[in-house]
1. Go through segment 110-125 and give me each residue that's touching a Cys at 6+ places or on another chain (Cβ under 7 Å) and surrounded by 13 or more Cβ atoms within 10 Å (Cβ to Cβ).
2. Give the residues of segment 87-102 that are surrounded by 13 or more Cβ atoms within 10 Å (Cβ to Cβ) and of a type outside the set (Ser, Thr, Tyr), sorted by residue number.
3. Can we say Thr128 is part of a helix (DSSP H, G or I) and either touching a residue at least 24 places away in the same chain (Cβ under 8 Å) or closer than 19 Å to Val62 by Cα (or both)?
4. For segment 124-137, how many residues are of a type outside the set (Val, Ile, Thr), within 16 Å of Leu32 (Cβ to Cβ) and in contact with a Ser or Thr (Cβ under 8 Å, 6 or more places away or on another chain)?
5. Based on this model, can you work out whether Asn18 counts as surrounded by 14 or more Cβ atoms within 10 Å (Cβ to Cβ), more than 14 Å from the chain's Cα centre (by Cα) and either at pLDDT below 95 or over 12 Å from Ala129 (Cβ atoms) (or both)?
6. Among the numbered conditions (1) outside any loop (DSSP other than H, G, I, E, B); (2) at pLDDT below 95, tell me where Pro157 comes up short.
Amino acid sequence: MITITPTTDQYNLAFPLNEGEAHDVIETRLWLNEHDWLYSLLRSEENVSPTFRFPDLISACVSLIFKHPDPCAHIFQFLGTELVLRPPQTPRRRESMWRPQYQLLLDLQRSPANRHPNPKFQLDQLTTACVALCQALDKSGESILRQARRNMAARTPQGRTALPS
């Protein structure tokens, strides 16, 4: 008797089910102060079951800031009054975020608020602003972990059949 057992890759939900689908995280950079704060949240005792990683935490920060009534003004206020005063050569760390939150920042980067005669801010600065604003609003990071859970639930495709037991 021959038994065929599916490999674990066939049912690994962390990867797209179709080979043609692109991986859904986008690379960004995060200024060192904000990276260090998120790293402490990543390692905190509150970040369990599941343990969220940087793409989840960064994306949660972006989502939270974009829930404000005027996220554009909120972000550019921070960029124009606080981030602009930091040394431009401040070290940055390479990280990733999920595509939906990247799209929000890309739209903001392409907005009139980021065009001539206004200064032009880059993706790393916009990402850093979202993390810094979240840190200022909630140093504990509890709201970020809650939002990471909401984002994860929103990313989970609906209607998938249950895995075989």
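1. Ala113
2. Matches in segment 87-102: Arg92, Arg93, Glu95, Met97, Trp98, Arg99, Pro100, Gln101.
3. Yes, satisfied.
4. Qualifying residue count, segment 124-137: 1.
5. no
6. Here Pro157 meets the rest and fails (1).
The values are calculated or read from the model by the stated rules, or taken from the named source; none is laboratory data. Only a predicted model underlies this, so the values are computations on that prediction, with no experimental measurement involved. As a convention, Cβ positions derive from the backbone with ideal geometry for all residues, glycine included, and neighbour counts pool all protein chains shown.
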